[in-house]
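Have a look at the structure below before the remarks.
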Amino acid sequence: MRHDARFGLVYALLAASLVVAGLVGYAAWDSHLSPRLPTGRCWTRGADLGGALYEAARCRFGVAHVDRLGWMPYLGARANETLAEVAVLDPLGRASFWVAQYGRPPDGSGVEVRRWTTCPASNIYC
C-alpha cells in the first residue's frame, strides 16, 4: 500500500469516528432533554389542566400526600408536545418534580393527563 493511500485511510477512519461520536453525543443529549413518559394507571381527566393534574397526583401519591401543586409549561418540549412541569408538594412542604403529558380527550371535553414521569435532576429544564 502506498504511503499516500495509508494516510488517506487513516484520515477517513478518523473522520468516520468523529461522525459516529457526534451522532452518539447528539442522541444522548437529545434523550437527556426529552423525558421518557411511561404509560400507566392514574391518568385522569379534569375540567381544566389544574383539575386533571390534581386528580392524577392524588391517584399517584394518595390524597393525604398531595397538599399543593405548581405547574408551568415544560421548557424542553418540542413544538408539537403538550408537556407541563409539575411540582407536587406534600403536607410537610417536600417537593417532587414531574413532567406530565396532557391534551384534549377524543370527545373534546376538558383536559386529560395521559402520561407522566419524574423529572431527572440532570435535566436543565426542571
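Derivation of every value follows stated rules applied to the coordinates shown; laboratory data play no part. Bear in mind the structure is a predicted one, so any value in this text is a computation, not a measurement. Cβ: placed from backbone, ideal geometry, glycine included. Neighbour counts: every protein chain shown.
What to note about this one:
- Cβ-derived FRET efficiency at R0 30 Å, TYR125 paired with PHE7, nearest 0.05: 0.10
- Net charge over other residues, Cβ less than 14 angstrom from the Cβ of PRO106 (K, R count +1; D, E count -1): +1
- Charge tally around PRO91: other residues with Cβ under 11 Å, Lys/Arg +1 each, Asp/Glu -1 each, net 0.
- THR118 paired with LEU92, simple spin-label distance in nm, labels 7 Å along Cα-to-beta-carbon: 1.6
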